[in-house]
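Please treat every number below as a calculation from the coordinates, not as lab data. On a predicted model such as this, the values are computed, not experimentally measured, just so you know.
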Ligand SMILES: [Zn+2]
């Protein structure tokens, strides 16, 4: 089964970033008007995530989920439960900023060239984004995000 792909409305930017952390292809185009957003979701066979009940009723996207929570991690837990998403084998495989799949783990030489000196030797893979150049490494920020996920979705992550 191919994993579901998403389009998030402008109010759900932080939810979109969390879905990317889990590896899901999630578009975020806050400049698009509602009708264009729905058209894009339908064309690309994405599930539209929205807080806008009126949009759902009037524009009738083919696949959509009305998000009912305010807090991004509660929103994420709603999506995981509603679609019964399986936990990913690995977090941080997609750029949270631009939605591009990250590189394979960086080599020793690449780490030395791209990472700040104090994090070069941290255990775990570091990756870069071919889309925007951002570099991801297994530091305290990633650890705090994993902990927040574990609290929001108890027992779900491996
Ligand atoms: Zn990127």
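Distance from the Cα centroid of the range 1-48 to that of the range 96-156 is 22 Å (rounded to whole angstrom).
To the nearest 500 deg cm²/dmol, what mean residue ellipticity at 222 nm is calculated for the chain from DSSP H runs of n ≥ 4 alone, each contributing -39,500 (n - 2.57), summed and divided by the residues? List each step's numbers first, then the result.
Details: 6 runs with 58 residues, N = 158.
Counting only the DSSP helices, I get -10500 deg cm²/dmol.
I'd like the antiparallel share, as a percent to the nearest 5, of DSSP beta bridges with both residues in the chain. Antiparallel bridges: around 25 percent, rounded to the nearest 5.
Eigenvalues of the alpha-carbon gyration tensor of the range 19-82, scaled by 5 and square-rooted, set the equivalent ellipsoid semi-axes at 19, 14, 11 angstrom, largest first. Debye-formula intensities of the range 1-152, expressed as log10 I(q)/I(0) at q = 0.12 Å⁻¹, are -0.54 (one equal scatterer per alpha-carbon, no solvent). Seen against the Cα atoms of the chain and their longest principal axis, helix 72-83 is set at about 70 degrees. How far is helix 34-43 tilted, in degrees, relative to the longest principal axis of the Cα atoms in the chain, given as a value from 0 to 90 rounded to the nearest 10? Roughly 70 degrees, rounded to the nearest 10. Between helix 140-152 and the chain there is an angle of about 40 degrees, using the helix long axis and the longest principal axis of the Cα atoms. Once the Cα-Cα distance is subtracted from the 0.36 nm per residue extended length, the residue 146 to residue 56 segment shows a gain of 29.2 nm.
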